[in-house]
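Peer 1: Take a look at this one; I'll ask things after.
The values are calculated or read from the model by the stated rules, or taken from the named source; none is laboratory data. Keep in mind that what you see is a predicted model, and the values were worked out from it rather than measured. Heads up, the Cβs are rebuilt from the backbone with ideal geometry, glycines too, and the neighbour counts pull from every protein chain shown. Note: accessible area is taken over every heavy atom of the protein model, side chains too, but ligands, DNA and RNA are not part of it. Shrake-Rupley method; radii C 1.70, N 1.55, O 1.52, S 1.80 Å.
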Amino acid sequence: MASTDHEMKMFNLQQQVRQNQGELEEYLKDMNNWEEEVKKKESDVLKQKPNKVMEMPPVRNCMFKKKKKKVKKSKDEAGKPSRISGYDYRKWDKFNVDKELEKIGDQEKSESSEYETDEEWEMERKKQMANLEKEKGNDNFKRQDYALAIEAYTKAIELDPTNAIMPANRAMALLKQEKYGAAEADCLQALSLDPLYVKAYLRLGAARFELKKFDTAKDAFEKALRLEPQNKTAQKELERIEKELTKDKMVEQKDMAKSPDEGLVKPITKPADQKSKKPLVRIQIEEIGGEDDTHRRAAIEEVEKSQSEAKKQITSQDNKMFEKFTSSTGSLKSTENHRNSDKTSTNIKESVKTLSEDSSIKLDLKDVTKSIPEESKSVSPRSMPVPQSSFQFQTDYKELKSDLRSFYVYIKKINPVDYPKLFGQFLDAEIVLNMLNVFKNFFIPAEEDFYTCMCHLAKVKRFNMTVMFFSKKEKSVISELIGHLQKTEKVTSTELQKLKKIYEIS
């Protein structure tokens, strides 16, 4: 068995060697065939006559290398003495050391004449650094990253405060961020450095236009036109300002055209036929707090007697000016209702006092004030007109903020699109909370749409700042409103997500 195993191993080894030899021969045949084919192709290419010469690029541009021009030595270099070799003793004997030292001193003085002092060199270095920061700011401005652009421009201004371009560029970035007051200050700084800088005048006019300073904005654009009479942007902005000024004049003329008697409460006189025919009733009157009122009135009369005539005239003029101011606000009906209510209450009290003085009847003032109708005490929101300005809304809100139901009736009159116009810069957290509570307590039970109101309320300026400082309890009202919108399914999921982001509800 051992001999047979050895024979089998030898047989397998021989078979493997033969197989490897056959594979090697096939590989060499393929190599020879490929070599023959390449030689044939090369011979064919050489036999053919080329019709067109292929312009191949040279290897590493060696064909097109320009010849080096011989640099001519300048006069200064030609005038320089050649270096003396260490073995030329005759030239060393003729060499004058003092003259060479003087020449070296003159060269150092000429080289240092560009910057006489270290301060000048430092100023030049800062200017170069400022230009680099300005370029960074320009790149960030092109990428619409205005915060980084402002940072770069501020650094440039610190390094080079004499350059008018730096504050003017920062003013442009501030205009993009709607920071109009700071932009106006930067433009004025740029013009103080360079009074002929046209771009600074244009940006100053744009900032003042947004700040509603139309007269000063007009002056800025007119100065820009004096420097560049064909400036189209200045011409367009002047046309816009003229339109705004005409609108303001029209409003002033309308206010002046109002009758002087408008807003005044006149006494009501009825003939005998129209008076009440009910029989008079005797009422037991018990006066309370009469002594305090008499003491107070006596003290007021003593103070008025001690006042001079000039002081009395000033107080009377102030009262007249206040009445004119309140009559021109636009909320005339609300002021009339207040005056009527005050007048009726004072008339009743005075009549009670006369009765108490003339007779022995005692009257309780609390019982009498109960008989006064509530309409005379508080202003009804239905009688108030729709506000047309931010000032009118502020005056109405101060009267209605304590009563949410009347505030609800008042808000229903206002178109939600007018929220940014009416609120203006007066938007506070209290107003937003009262409006949200109105949506929750009155709009939801009445099944009225409050989604559009919330969307237009978010467009008011400073809204993001007010919502940012809301507490958890205040934000719970917003989450309840959004939860109600999800239940009703009147609003899509994408719109709800947008509303959550605006109101910062996770």
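Peer 1: Restricting to region 385-442, give me the number of residues that are free of Cβ contacts under 8 Å to residues at least 24 places away in the same chain and crowded, with 19+ Cβ neighbours inside 10 Å.
Peer 2: Selection size over region 385-442: 1.
Peer 1: Would you check if Glu102 is open to solvent by 100 Å² or more (accessible area, probe 1.4 Å), assigned to a helix (DSSP H, G or I) and modelled with pLDDT under 80?
Peer 2: no
Peer 1: Checking the conditions here, which among Ala164, Ala206, Ala152 is closer than 27 Å to Lys461 by Cα and open to solvent by less than 60 Å² (accessible area, probe 1.4 Å)?
Peer 2: Details: Ala164 fails: closer than 27 Å to Lys461 by Cα; Ala152 fails: closer than 27 Å to Lys461 by Cα.
From the options Ala164, Ala206, Ala152, the qualifying one is Ala206.
Peer 1: Has region 57-70 got at least one residue that is out of contact with any strand residue (DSSP E or B) (no Cβ under 7 Å at 6 or more places or on another chain), modelled with pLDDT of 85 or more and either loosely packed, with under 10 Cβ neighbours inside 10 Å or more than 30 Å from Met172 (Cβ to Cβ) (or both)?
Peer 2: No, every residue in region 57-70 fails to be out of contact with any strand residue (DSSP E or B) (no Cβ under 7 Å at 6 or more places or on another chain), modelled with pLDDT of 85 or more and either loosely packed, with under 10 Cβ neighbours inside 10 Å or more than 30 Å from Met172 (Cβ to Cβ) (or both).
Peer 1: Residue check: is Met54 at pLDDT below 90 and either assigned to a loop (DSSP other than H, G, I, E, B) or open to solvent by less than 100 Å² (accessible area, probe 1.4 Å) (or both)?
Peer 2: Answer is yes for this residue.
Peer 1: Of all residues in region 228-251, which are more than 18 Å from Leu175 (Cβ to Cβ), in a helix (DSSP H, G or I) and open to solvent by 70 Å² or more (accessible area, probe 1.4 Å)?
Peer 2: Matches in region 228-251: Lys232, Gln235, Glu239, Glu242, Lys243, Thr246, Lys247, Lys249, Met250, Val251.
Peer 1: Can you tell me which residues in region 491-506 are of a type in the set (Val, Ile, Thr) and either part of a loop (DSSP other than H, G, I, E, B) or surrounded by fewer than 11 Cβ atoms within 10 Å (Cβ to Cβ) (or both)?
Peer 2: Of everything in region 491-506, those that are of a type in the set (Val, Ile, Thr) and either part of a loop (DSSP other than H, G, I, E, B) or surrounded by fewer than 11 Cβ atoms within 10 Å (Cβ to Cβ) (or both) turn out to be Val491, Thr492, Thr494, Ile505.
Peer 1: Those residues that are part of a loop (DSSP other than H, G, I, E, B) and of a type in the set (D, E, K, R), I need them from region 152-199; list them, please. Talk me through it step by step, then tell me what you get.
Peer 2: Taking region 152-199 as the starting set, the residues that turn out to be part of a loop (DSSP other than H, G, I, E, B) are 160-164, 177-179, 194-197.
Across region 152-199, the qualifying residues are Asp160, Glu178, Lys179, Asp194.
Peer 1: Next question. Just for region 451-490: of the residues that are at pLDDT below 80 and open to solvent by less than 40 Å² (accessible area, probe 1.4 Å), which one is nearest to Pro416 (Cα to Cα)?
Peer 2: Result: Phe463.
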